[in-house]
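The values are calculated or read from the model by the stated rules, or taken from the named source; none is laboratory data. Quantities reported herein were computed from a predicted structural model and do not represent experimental measurements. Glycine gets a Cβ as well: all are built from the backbone with ideal geometry, and neighbour counts include every protein chain shown.
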Amino acid sequence: MAKPEEIEMRIVAAGARRDLGELDAAVVTLTCKELNNETDEWALRLRYAYADALDAAGRKDEAREWLQSAPNLMRKSSLTPPKEPVSSYPQSDSPSWN
């Protein structure tokens, strides 16, 4: 399986875990060495999914750290933010896209 498809499968599996109420398992599903990737197109999507899973598991400070790293990643690459921000964060806590 190609890396983009593997990452997408992780994101889908984590979402299924969340739907089952297995919030910590969703975080574990997304925990991988690829979280440190800063060049591939799927990197930003993976980080947002990971931050969202951390938030759902009540690990808000960690989630905020991952979200705040996103603008740096976007500046280093041609990546763009998702069309919809992580819904559980108030606008004032969202990173600046400037």
Inset, instruction - Say whether the condition of being at pLDDT 85 or above and in a loop (DSSP other than H, G, I, E, B) is met by at least one residue in region 3-18. - result: no
Inset, instruction - State whether the residues of region 35-48 include one that is farther than 18 Å from residue 6 by Cβ, under 13 Å from the mean Cα position of the chain (by Cα) and either part of a loop (DSSP other than H, G, I, E, B) or modelled with pLDDT of 65 or more (or both). - result: no
Legend entry - Hey, residue 54 surrounded by fewer than 21 Cβ atoms within 10 Å (Cβ to Cβ), under 12 Å from the mean Cα position of the chain (by Cα), among the hydrophobic types (A, V, I, L, M, F, W, C) and assigned to a helix (DSSP H, G or I) or not: no
Legend entry - Among residues of region 35-51, those that are over 14 Å from residue 9 (Cα atoms) and surrounded by fewer than 22 Cβ atoms within 10 Å (Cβ to Cβ), counted: 9
Inset, instruction - Among residues belonging to region 19-34 that are assigned to a helix (DSSP H, G or I) and among the β-branched types (Val, Ile, Thr), point out the one that is surrounded by the fewest Cβ atoms within 10 Å (Cβ to Cβ). - result: 28
